[in-house]
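Inspection log for the structure reproduced underneath, given as structure tokens.
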């Protein structure tokens, strides 16, 4: 039996996040003296486990890009598709332009964090715009909260306001909420009943 586009998108999203989290755990364990408070995740990309983490980051971006294609085929929410594509491109850019690349790395990371947070919010907004409920309560509320948490954390991180967590700790406060949302969204899509594709607005 074939799977719907939405379920395929969900599977790609879930696998993307799962392998990335495992990649981070393995890379942190292999990095001598690594501190989650004082070291950025980007430090892993130029350290001893660089091949592992950079491959995992790039694969996550690639899988999210594929997911964006199936997500658009399933629901035709252009705003959500665009933010998902930019999220994927930003993630792949982080792997291609490692920390040593300076500004290019920072821009790629900013694109990922910004548009992943917006994706969580747009998954709810697009539902109302298209009169088609993609995510329902309570997950819709969780999507807004997690998206805003990432965006708020990003603003604090850029402003170097760490609340004693250190740069690495605050960066994780930006990253982990959106990873939680992506994993949840992927699972939600895989379990979501098949729905007709939303109609384009004229």
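Key figures
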read-out: Rounded tilt (10° steps) of 139-158 against the dominant C-alpha axis of the chain; value: 30
read-out: Residue 35-residue 96 pseudo-label distance in nm [points 7 Å out on the Cα-to-Cβ vector]; value: 3.4
read-out: Ordering of 133-142, 77-86 by burial proxy (mean other Cβ atoms within 10 Å per residue, highest first); value: 77-86, 133-142
read-out: Degrees, to the nearest 10: 103-129 long Cα axis against longest axis of the chain; value: 30
read-out: Computed over the chain: relative contact order in percent, which uses C-alpha pairs under 8 Å that are six or more apart; value: 29
read-out: Extension gain (nm, one decimal) between residue 79 and residue 25, 0.36 nm per residue minus Cα-Cα; value: 16.2 nm
read-out: Burial order of peptide ranges 111-118, 51-58, 156-163 (average beta-carbon count within 10 Å, highest first); value: 111-118, 51-58, 156-163
read-out: Extension reserve of the residue 104-residue 55 stretch, reckoned as 0.36 nm per residue once the Cα distance is removed; value: 15.8 nm
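Where a number appears in this text, it was derived from the coordinates with a stated rule and is not lab data. Since the model is a prediction, treat every value here as computed from it, not as a measurement. Methodologically, a virtual Cβ is constructed for each residue, glycine included, from the backbone with ideal geometry; neighbour enumeration extends over all protein chains shown.
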